[in-house]
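> I'd like to ask you about the structure that follows.
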Amino acid sequence: MSSTTRQPIPLVARADQHPQRTAIIDDAGAVTYGALLDQSARAAATLLDGADDLGEARIAFLTPADRSYVVTQWATWRAGGIAVPLCQQHPEPELRYVVEDAQASVLVAHPQFADRLRPIAESTGVPLLLTTQFKQAPPPSLPALDGSRRAMIVYTSGTTSRPKGAVTTHAGLTAQITCLIDAWGWRESDHVLHVLPLHHVHGIVNVLCCALWAGATCEMQPKFDAGAVWRRLAAPEGLTLFMAVPTIYAMLIRSWEAADDAAKQRMSEGCRALRLMISGSAALPVSTLERWRTISGHTLLERYGMTEIGMALSNPLDGEQRPGCVGTPLPGMNVRLVDEANVEVADGAPGEIQVRGPAVFREYWNRSDATAEAFTDDGWFRTGDVAAHESGIYRILGRESVDIIKTGGYKVSALEIEDVLRTHEAIDQVAVIGIDDEQWGQRVAASVVLCEGRSLTLEALRSWGKQQLAPYKVPSRLMVVDDLPRNAMGKVTKPRVAEMFVRAEASKPP
């Protein structure tokens, strides 16, 4: 191993085992593992700027989804820093929030994003470095690190509160990667098509880091475009894997349905050439799973994870995959369900998911109180998500704060109601929430996007719903909208849906 790759960062060190293999394919072409090692060493020398070790300084960076992302990420780690990936879709106030909250020491930007970060750099005094300014000569040596060093701060999606920076160590990152390598059968011959954002664990760990750990090829598209994805899937030479969120699969389904018969056949045949397709980051509607299976021949492998833990549960690579379920604990992950008294629940009963294991994050950055509240006294991480399990197989019911509705003494799952409402012929998209009510505690409310040319009244929905659901699960409030508010990962932001209902109520005449 060369002197510039001697530090024990397993993900980076593994690249030395196959320097001639293609690591990344992007709009500029292909780049090998050896080239990534060389380029990231030069970038690390620039970040160090004569120092021996960045000492966990935070490096916040904004690059396209291409080789420049990997070079910057690896350079940060190899120089002893903490990588803080920024979101391309975030406006300046949200970028500024992350930069200031993480107390970034340096901002790194690809030239196409320089104007996005320059005002932040100027107002905060944080130096701005362009990826084109990385040095041309590698350093004589790089700092030696151990697994306890902080590696990355990834900010939570902020669907229920202000985003928090979840800190993962190098050992934690390694645990997150290796459990997926085993569970999903990653191998050197794999070739994954990457279309996900790179400020979230789904895109960073599940796709990019797993591919690079395995010595596989990661083909990166600059952003999701249904037409571009279908063109690649329809000519799938080399491709073996594809991972996406439910919203992406829904968009691909609509694009497939709009194509002519010959194109549909090419698309479907291309999908069948892949060995594995995975869905995650949000609940996968059963209707989407079944339609995708018809189109592609694949039963999407569902799994469960979050920013703080990586992945905790997964359906098996081979074996039964139950629609609506997320499988069993991954290797090295301990999972339990508990009630409000923190007592484990029986089979079939709902409970909060708690997780313990080497992949769990270390802390929320500069939030000791929030970190303490996130863990039980005996070290279990409280996810805030509610599930039930039967024979060890887990089914997600929703997030306690936004997806579990307490109405008339019943606890109901918004996700279950959404799955049923999606079968209504007039409904294209739906978000179900609970809104406060003096009599019922909460009322079930549905915000829907209708199929083109369709209409729907609350009375008609309730009449239909009573034939599909228990009466207390049928929405008693309905709002028809053009679009549902979503974050960068495609998740519906339910607090904003709730705000829409509040505004609608306030605007009603007295």
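The values are calculated or read from the model by the stated rules, or taken from the named source; none is laboratory data. Please read these numbers as outputs of a predicted model, since none were measured by experiment. Cβ: placed from backbone, ideal geometry, glycine included. Neighbour counts: every protein chain shown.
> Quickly run through region 85-104 and pick out the residues that are over 22 Å from the mean Cα position of the chain (by Cα) and crowded, with 18+ Cβ neighbours inside 10 Å. Quick ask: steps written out before the conclusion?
From region 85-104, those over 22 Å from the mean Cα position of the chain (by Cα) are 100, 103-104; that's our starting set.
Once the filter is applied, which keeps residues that are over 22 Å from the mean Cα position of the chain (by Cα) and crowded, with 18+ Cβ neighbours inside 10 Å, region 85-104 yields only 104.
> Conditions first: (1) over 26 Å from residue 170 (Cα atoms); (2) crowded, with 16+ Cβ neighbours inside 10 Å. Residue 134 passes all but one, so which condition is the exception?
If we test residue 134 against (1) over 26 Å from residue 170 (Cα atoms); (2) crowded, with 16+ Cβ neighbours inside 10 Å, just (1) comes out false.
> Taking region 134-159 as the search range and keeping residues that are among the polar types (S, T, N, Q) and touching a helix residue (DSSP H, G or I) at 6+ places or on another chain (Cβ under 7 Å), which one is modelled with the highest pLDDT? It would help to see each step written out before you state the result.
Within region 134-159, the subset among the polar types (S, T, N, Q) is 136, 141, 148, 156-157, 159.
With the extra rule that they be touching a helix residue (DSSP H, G or I) at 6+ places or on another chain (Cβ under 7 Å), the set shrinks to 136, 141, 148, 159.
Working: 136: 81, 141: 86, 148: 93, 159: 50.
Result: 148.
> Looking only at region 226-249, how many residues end up being surrounded by 20 or more Cβ atoms within 10 Å (Cβ to Cβ) and without any contact (Cβ under 8 Å) to a residue 60 or more places away in the chain?
Within region 226-249, residues that are surrounded by 20 or more Cβ atoms within 10 Å (Cβ to Cβ) and without any contact (Cβ under 8 Å) to a residue 60 or more places away in the chain number 9.
> Given 131, 168, which one is at pLDDT 95 or above, touching a Ser or Thr at 6+ places or on another chain (Cβ under 6 Å) and not hydrophobic (A, V, I, L, M, F, W, C)?
Numbers: 168 fails: touching a Ser or Thr at 6+ places or on another chain (Cβ under 6 Å).
Exactly one residue qualifies, and that residue is 131.
Listed here are the residues, each with its yes/no results for (1) assigned to a helix (DSSP H, G or I); (2) in contact with a Ser or Thr (Cβ under 7 Å, 6 or more places away or on another chain).
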position	(1), (2)
83	no, yes
90	no, no
95	yes, no
100	yes, yes
104	no, no
107	no, no
112	yes, no
116	yes, no
121	yes, no
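> Picking from 398, 392, 408, which residue would you name as being under 15 Å from residue 350 (Cβ atoms) and in contact with a strand residue (DSSP E or B) (Cβ under 8 Å, 6 or more places away or on another chain)?
Numbers: 392 fails: under 15 Å from residue 350 (Cβ atoms); 408 fails: under 15 Å from residue 350 (Cβ atoms).
Of 398, 392, 408, the one residue that is under 15 Å from residue 350 (Cβ atoms) and in contact with a strand residue (DSSP E or B) (Cβ under 8 Å, 6 or more places away or on another chain) is 398.
> Something else now. Output yes when any residue across region 238-245 is under 25 Å from residue 23 (Cβ atoms), β-branched (Val, Ile, Thr) and part of a loop (DSSP other than H, G, I, E, B), and no when none is. Let's see the steps before the verdict.
Step one: filter region 238-245 for residues under 25 Å from residue 23 (Cβ atoms), giving 238-245.
Those left that are additionally β-branched (Val, Ile, Thr): 240, 245.
Next cut, part of a loop (DSSP other than H, G, I, E, B) only: 240, 245.
Scanning region 238-245, I find at least one residue that is under 25 Å from residue 23 (Cβ atoms), β-branched (Val, Ile, Thr) and part of a loop (DSSP other than H, G, I, E, B), so the answer is yes.
> Could you pull out the residue among 502, 492 that is within 30 Å of residue 156 (Cα to Cα) and either at pLDDT below 85 or exposed (fewer than 14 other Cβ atoms within 10 Å of the Cβ) (or both)?
Working: 492 fails: either at pLDDT below 85 or exposed (fewer than 14 other Cβ atoms within 10 Å of the Cβ) (or both).
From the options 502, 492, the qualifying one is 502.
> When you scan region 63-75, how many residues do you find that are surrounded by 24 or more Cβ atoms within 10 Å (Cβ to Cβ) and closer than 15 Å to residue 133 by Cβ?
Total meeting the criteria: 4.
> Could you figure out which of (1) free of Cβ contacts under 8 Å to residues at least 40 places away in the same chain; (2) surrounded by fewer than 19 Cβ atoms within 10 Å (Cβ to Cβ) isn't true of residue 332?
Condition (1) is where residue 332 drops out.
> Would you please list the contacts, defined by Cβ atoms under 7 Å and residues six or more apart or on different chains, that run from a residue in region 110-125 that is farther than 19 Å from residue 65 by Cβ to a residue that is among the charged types (D, E, K, R)?
Here the result reads 119/92; 120/92; 120/96; 124/100, each pair linking region 110-125 to a residue that is among the charged types (D, E, K, R).
> Quickly run through region 368-410 and pick out the residues that are charged (D, E, K, R) and under 19 Å from residue 493 (Cβ atoms).
385, 399, 400, 403
> For region 272-288, enumerate the residues that are assigned to a strand (DSSP E or B) and crowded, with 19+ Cβ neighbours inside 10 Å. If you could, list the steps in order and put the result at the bottom.
Residues of region 272-288 that are assigned to a strand (DSSP E or B), as a first pass: 276-279.
Once the filter is applied, which keeps residues that are assigned to a strand (DSSP E or B) and crowded, with 19+ Cβ neighbours inside 10 Å, region 272-288 yields 277, 278, 279.
> On to the next question. Does region 53-62 hold any residues that are in contact with a Gly (Cβ under 9 Å, 6 or more places away or on another chain) and buried (at least 22 other Cβ atoms within 10 Å of the Cβ), and which are they? Before the answer, list the steps.
Quick first cut of region 53-62, residues in contact with a Gly (Cβ under 9 Å, 6 or more places away or on another chain) only: 53-59.
Listed by number, the residues that qualify are 54, 58, 59.
> Next question, about the same structure. Does residue 233 fit the bill of being within 19 Å of the chain's Cα centre (by Cα) and within 18 Å of residue 26 (Cβ to Cβ)? Give the derivation first.
Numbers: within 19 Å of the chain's Cα centre (by Cα): no; within 18 Å of residue 26 (Cβ to Cβ): yes.
Spelling it out, it is not the case that residue 233 is within 19 Å of the chain's Cα centre (by Cα) and within 18 Å of residue 26 (Cβ to Cβ).
> Still on this structure: Quick check on my filter: what residues within region 467-500 are among the basic types (Lys, Arg) and closer than 21 Å to residue 437 by Cα? First the steps, then the outcome.
Quick first cut of region 467-500, residues among the basic types (Lys, Arg) only: 473, 477, 486, 491, 494, 496.
Within region 467-500, 473, 477, 494, 496 qualify.
> Considering region 391-435 alone, what residues qualify as being of a type outside the set (Ser, Thr, Tyr), within 21 Å of residue 313 (Cβ to Cβ) and in a loop (DSSP other than H, G, I, E, B)?
Correct list: 392, 400, 402, 403.
> Conditions: (1) surrounded by 18 or more Cβ atoms within 10 Å (Cβ to Cβ); (2) within 27 Å of the chain's Cα centre (by Cα); (3) at pLDDT 95 or above. Residue 456 meets all but one. Number of the miss?
Result: residue 456 passes all but (2).
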